[in-house]
Amino acid sequence: MSLALYRKYRPGSFAEVKGQEHVTVPLQQALRNGRVHHAYLFSGPRGCGKTSSARILARSLTSVQGPTPDPCGVCDSCVALAPNGPGSLDVVESVAAPHGGVDDARDLRERAFYAPVSSPYKIYIIDEAHMVSREGFNALLKLVEEPPEFLRFVFATTEPEKVLSTIRSRTHHYPFRLMPRRDLTELLQSVVESEGIAVDPTVLPLVVRAAAGSARDGLSILDQVLASAGSDGVTRESAASLLGVTPDTLLDDVVDAFAAHDAAGVFATVDSVMEGGHDPRRFAGDVLERLRDLVVLDAVPDAGDKGLLDCPPEQLTRMSRQAASLGPAGLSRAADLFHAGLVEMRGTTSPRLLLELVCARVLLPGASSDASALVARLERVERRLDIAGGAVPVTPQPHPHIPHPTTAPVAPEPARVPDSARHGSSAPSISAPVAPPRPAPPVIDGTGTPSVRPAAEGSGSVDHAGGAGSGTANSGTPGGWPMTAVPGVAAEPAAAQGQPGAPTD
């Protein structure tokens, strides 16, 4: 039976720990200066080297030359604590998941006071320390605060915030981080060379992306890929099929269809994804990663040369064309829609339906009124008018504004006064026209029947010049227009003419 790669290539010294120099260098310097603390807390994501570093620290302390930053590797303690070694009685490694109760903590506290067997130090490595209960931490508190001179603690956890604050404040905290992509690629490349198996150069980027910065995950995935190697080694197609990665042809088809606004091509690609047995969620995630690469490539045209993208040259050329076709606003908007779609797909029973809805939203930027959709529509118009390549659009000249003539209100002419009236004659005068007043509302009498007000009472008035019967009734005509009295003729009531609103006696 072969040994797993993550165990076979476990680091045995701080110099072999990759991507964690911000932790290993200070630890080596502390060992070199002889300033060894009684408790350490190693935190960070899974598979980044916390437990391995704790074992290396124990090896450096229990070595014949210890404390030393570089274990000799030949003494009994170094050989016992080497990777895949038998172990030492003076180094106790415990996993807190099944042993995190208060009884386990009390048992550890009782055994901790026994002196080491053959080493100057007795070291307890507590893995998954966040699984220790609150009562268990309280039982260890006094021991961690004031341990015996020979006792050392190393806590390793992925969730340091769950470690009791009184314990955490009594330790030296070293946060580990995910391994950079370049360091992880170099590590996997060295393992492939040591194994002597031919691997396509485009396979390692797939493994690195699937590992997501975890060295242990990367070695486990690489172990699976190497186990399936054929007579010609490991090809990209076999590795992509094994890892469940969406083929590049499907990604290219859907991105090209988005750029061309080809709805038939987009939904045909989705159908091909389902017919091929691919997971719609995984396909949406791979499309989102492709859109991310296109965004980077659109912003940094030489991203491949700068190491920002790990793609073959022919794929970079194809992706550059896709980025130019979609534009920065279209890429950003499509990425936002796929990200929101991935959130909606969690726990759904119809992932294909949601995938098709997301694709429909990408194809219809006019269906949204946000700023990104507006910019996407503007970029589409620019590409159609062929001005995105540098041509300057012709700005239409505004027409001169010609003000329209407005008719000024005509002032009414002053009323003429007849000479006869001026000299005190009793002849009736012709009244000047006046502005029509508003018609008076009907009055409801006691019987509930509306009655009509007299014209003189509503809004009209009657002038008597020299005692003669001359005047105007402003509401005695239809619409309330004034009625001018004619000399020598008495004004008829409106009721006699059959008009409504006539005055009554």
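Coordinate-derived values only; no laboratory data. Quantities reported herein were computed from a predicted structural model and do not represent experimental measurements. All Cβ positions, glycine included, derive from the backbone under ideal geometry; neighbour counts span all protein chains shown.
Some observations on this one:
- Candidates 191, 208: the one that is farther than 19 Å from residue 44 by Cα, among the aliphatic types (A, V, I, L, M) and part of a helix (DSSP H, G or I) is 191.
- Subset tally (residues that are surrounded by 15 or more Cβ atoms within 10 Å (Cβ to Cβ) and in a helix (DSSP H, G or I)) for the range 194-205: 4
- Residues located in the range 237-251, provided they are buried (at least 17 other Cβ atoms within 10 Å of the Cβ), in a helix (DSSP H, G or I) and of a type outside the set (A, V, I, L, M): 238, 248
- All of 204, 164, 219 fail the test of being aliphatic (A, V, I, L, M), touching a helix residue (DSSP H, G or I) at 6+ places or on another chain (Cβ under 7 Å) and over 24 Å from residue 95 (Cα atoms), apart from 204.
- Residues of the range 237-280 satisfying the condition of being over 23 Å from residue 329 (Cβ atoms) and aromatic (Phe, Trp, Tyr): 267
- Failed condition for residue 282, given (1) part of a helix (DSSP H, G or I); (2) within 29 Å of the chain's Cα centre (by Cα); (3) buried (at least 18 other Cβ atoms within 10 Å of the Cβ): (3)
- Matching residues, the range 61-76, being buried (at least 24 other Cβ atoms within 10 Å of the Cβ) and either free of Cβ contacts under 8 Å to residues at least 60 places away in the same chain or in a loop (DSSP other than H, G, I, E, B) (or both): 71
- If you filter the range 15-54 down to residues that are part of a loop (DSSP other than H, G, I, E, B) and either basic (Lys, Arg) or free of Cβ contacts under 8 Å to residues at least 40 places away in the same chain (or both), you find that the one that is surrounded by the fewest Cβ atoms within 10 Å (Cβ to Cβ) is 34.
- Enumeration of residues in the range 192-221 that are in contact with a Pro (Cβ under 8 Å, 6 or more places away or on another chain) and on the phi > 0 side of the Ramachandran plot: 213
- Annotation: residue 326 fulfils all but one of (1) over 19 Å from residue 206 (Cα atoms); (2) in contact (Cβ under 8 Å) with a residue 12 or more places away in the chain; (3) surrounded by fewer than 19 Cβ atoms within 10 Å (Cβ to Cβ); the unmet one is (3).
- All of (1) surrounded by 13 or more Cβ atoms within 10 Å (Cβ to Cβ); (2) out of contact with any Ser or Thr (no Cβ under 8 Å at 6 or more places or on another chain); (3) part of a helix (DSSP H, G or I) hold for residue 94 with one exception: (3).
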